[in-house]
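Worksheet for the structure shown next.
Rule-based calculations on the coordinates, nothing more; no lab input. The structure presented is a predicted model; accordingly, all values stated were derived computationally and were not measured. Cβ placement follows ideal geometry from the backbone for every residue including glycine, while neighbour counts extend to all protein chains displayed.
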Amino acid sequence: MEKTPSGTSVGVDDPYAHVDRCDHCTDEGRCRFAVEQGDRDPAFADRLSRRDFRCPVVSEAPGVPEGERGGTTREHGDLEEGLTGPWEWADCPHFRSRDHDRECVRCGLEERRLAHDDERPLLEEHHLSYRSGTAPGDAADGIDHGGGGTGDSGGEDGTPAHEITVHLCRWWTPAHEITVHLCRWCHAKIHDSWARITDDANPDPEAIAEREGRRSREQAELGFESAAERFDPDPEG
């Protein structure tokens with residue numbers, strides 16, 4: 001199981017199994033990073049510009065005949081079935097995937113926040129640590145991945161640090177980020193035991209009590225009483 005820099009478990013064997021898509025990938029399958037932030041890595045942006053900024057994970061470069069496409073069979077994420085490009089998510093030096101769902105990925109507990117309330121959130125962001133074993137430009141598939149932009153080297157050997165998170169922790173700021181949300185009870189179980197994100201778990205009783213307490217306060221704040229109801233001591237009279 002993957003571990004954090006401090007040695008605690010993150011609850012998964014393969015962080016990329018929890019990736020749907022890169023945050024920089026548009027609905028059309030193009031790389032937003034290369035288009036909007038290309039000055040941060042000109043070599044990467046120039047390489048993608050020659051393929052119409054198409055994400056190398058999502059699709060082949062324009063003009064590649066269908067019979068010659070080199071896409072691989074993917075096993076990660078809900079949106080992976082249609083990915084036909086020559087790269088894996090781990091190959092990209094600017095990959096990032098942050099979870100924006102507001103419920104715990106392990107037990108399904110939903111966040112409830114009250115306006116102007118400074119109570120601790122029910123959910124926290126969790127990072128699933130991952131380090132690629134291959135440096136950009138020296139990949140096992142023989143593809144020059146053209147990385148090397150500012151802030152993309154994760155270790156002394158030049159391998160990119162990929163961060164995968166769910167709402168849980170805050171240890172470091174890696175070049176690559178993948179996040180999911182966990183309630184703080186599941187978050188503690190992940191780091192303090194061998195619990196996994198994929199466990200068939202129900203919300204902790206304390207978590208349910210906390211959520212219902214906030215729900216009750218929310219309903220009370222939204223409740224409406226007329227002036228007659230507020231000041232009439234005997235509404236049936």
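Neighbour counts of other C-beta atoms within 10 Å: give me LEU122, LEU83, LEU114 arranged from fewest to most. Don't jump to the answer; show the numbers that get you there.
Details: LEU122 24, LEU83 21, LEU114 12.
Going from least to most buried by this count: LEU114, LEU83, LEU122.
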Quick query: amide H of LEU182 versus all other amide H atoms, modeled in the peptide plane; which residues come in under 5 Å with a sequence gap of 5 or more or a different chain? VAL105, GLU124, HIS126, HIS167, LEU168
Could you put TRP89, TRP194 in order, starting from the residue whose Cβ has the fewest other Cβ atoms within 10 Å? TRP194, TRP89
Skipping prolines and chain starts, which residues have an amide H placed within reach, meaning under 5 Å, of the one on SER97, given they are 5 or more residues away or on another chain? ASP23, GLU177, ILE178, THR179
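Would you mind getting me the FRET efficiency between TRP194 and HIS100? Use the beta-carbon distance for r and R0 = 35 Å, nearest 0.05.
Working: r = 28 Å, r/R0 = 0.80.
The formula returns an efficiency of 0.80 here.
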